[in-house]
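What follows is a set of notes on a single structure, which appears directly below.
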Amino acid sequence: VGAWRVRAWGDDRLARRFLDEGFVAIGGAEVPNELRPWPGREQLAETLHSSLPTREPQAISLFVTYWEMFLQQVTDGDVMVLPTERSTVAIGTVVGPYEWHPDDTNPQARHRRRVRWLRLDVPRSDLDKDLRNVINAPGTITAIRKPHAAQRLLGDG
């Protein structure tokens, strides 16, 4: 079982939607279409470059990696952590494949993974320092590759 951290771009209303509606999402208007099937790194990089022409190639490559994680590496049963404010996180498990919601009025909520939230408003101080360091790090999505991360986040180890 993997463990991941996804951000809601510092948008408290979006984070609240994630929790209330049971999902996480990445991306926005820069990816205007469904990404199923996986288009591949090169094609996605072309899409991102067209939408974000002023971004450096290194940034585009990083964004492609985020999408690859979200679409190809996150799987059902993985643990998902959402920083909900400066001092808390929500913890849940992924319960479905990638979903495309083209009619959502918020472009940042169109590319989704369903999550069953298990623990809300967990003080970050309750988490081990090595987990906090990953959760607090920058980036849209990241794997939490610490020993027994999923079990520890769920309170099982």
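Which condition number does Leu19 fail, the rest of (1) closer than 22 Å to Gln72 by Cβ; (2) in contact with a Leu (Cβ under 7 Å, 6 or more places away or on another chain) being met?
For Leu19, the exception is condition (1).
Scan (1) modelled with pLDDT of 95 or more; (2) surrounded by 12 or more Cβ atoms within 10 Å (Cβ to Cβ); (3) closer than 19 Å to Gly139 by Cα; (4) not β-branched (Val, Ile, Thr) for the single condition Gly28 breaks and write down its number.
(1)
Can you name the residue in segment 94-105 that is out of contact with any helix residue (DSSP H, G or I) (no Cβ under 7 Å at 6 or more places or on another chain), under 17 Å from Ala8 (Cβ atoms) and not acidic (Asp, Glu) and, of all such residues, is surrounded by the most Cβ atoms within 10 Å (Cβ to Cβ)?
The selected residue is Val94.
Tell me which of these Leu131 doesn't satisfy, since it passes every other one: (1) buried (at least 17 other Cβ atoms within 10 Å of the Cβ); (2) under 17 Å from Gly10 (Cα atoms).
(2)
Right, Glu68: over 16 Å from Thr142 (Cβ atoms), open to solvent by 10 Å² or more (accessible area, probe 1.4 Å), within 16 Å of the chain's Cα centre (by Cα) and among the charged types (D, E, K, R) or not?
No: the conditions fail for Glu68.
Quick one: which of Arg124, Arg119 is more than 16 Å from the chain's Cα centre (by Cα) and buried (at least 16 other Cβ atoms within 10 Å of the Cβ)?
Answer to the check: Arg124.
The values are calculated or read from the model by the stated rules, or taken from the named source; none is laboratory data. Because the structure is a prediction, the values reported are computed rather than measured. Heads up, the Cβs are rebuilt from the backbone with ideal geometry, glycines too, and the neighbour counts pull from every protein chain shown. Ligands, DNA and RNA are excluded from the accessible area calculation, which covers all protein heavy atoms including side chains. Shrake-Rupley method; radii C 1.70, N 1.55, O 1.52, S 1.80 Å.
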